[in-house]
Amino acid sequence: MIIEQRTYRVKPGKIPEYLQAVETLGLPLMRSILGGLIGYFTTEIGPVTEVTHLWAYEDLDDRARRRAQIDAHPDWPKFLATVRPMLEHQHSKVLKPAAFTRLTLEQVRALNR
């Protein structure tokens, strides 16, 4: 399993609007296609205009296949057109859990059913 950590710096005052668009336009597609949502998080202390979300995948090939599927979905451009004007910066990392990490891909996928 790998975890993708995506962090977006959202324009000041736009986090509620961004999260609303994610919940109503993006998340239905992302849950059905990407399937491994661990969670969305806002920063409470530190850079307070950041939203971070974590996604679990089997491996980089699984991530690439699922990202290609969502990019090809006819509703995806509408979501992107809605949220992109609210964003200032994006940073992504791919994380590999340590051997003693107890979270499994099966547990993550069960959260998304």
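Every number in this text was worked out from the coordinates using simple rules, so none of it is lab data. Treat the numbers as computed from the prediction; the structure is a model and nothing was measured. When we count neighbours, we look across all protein chains shown, and the Cβ atoms used for this are built from the backbone with ideal geometry, even at glycine.
Quick notes on this structure:
- For the chain, the orientation-averaged shadow of the C-alpha convex hull comes to 7.4 nm² (one quarter of the hull surface).
- Placing unit charges on each Cβ (+1 for Lys and Arg, -1 for Asp and Glu) gives the stretch 2-111 a dipole about its Cα centre, and among 19, 108, 80 the Cα reaching farthest toward its positive end belongs to 80.
- Charges were assigned to the Cβ only: +1 to each Lys and Arg, -1 to each Asp and Glu. The resulting dipole of the chain about its Cα centre is roughly 40 debye.
- Helical runs assigned H by DSSP (4 residues or longer) give the chain a calculated mean residue ellipticity at 222 nm of -10000 deg cm²/dmol, each run adding -39500 (n - 2.57) before division by the residue total.
- 17 Å Cα-Cα reach of residue 11 towards aspartates and glutamates, excluding residues that sit fewer than 8 places from it in its own chain: 44, 50, 88
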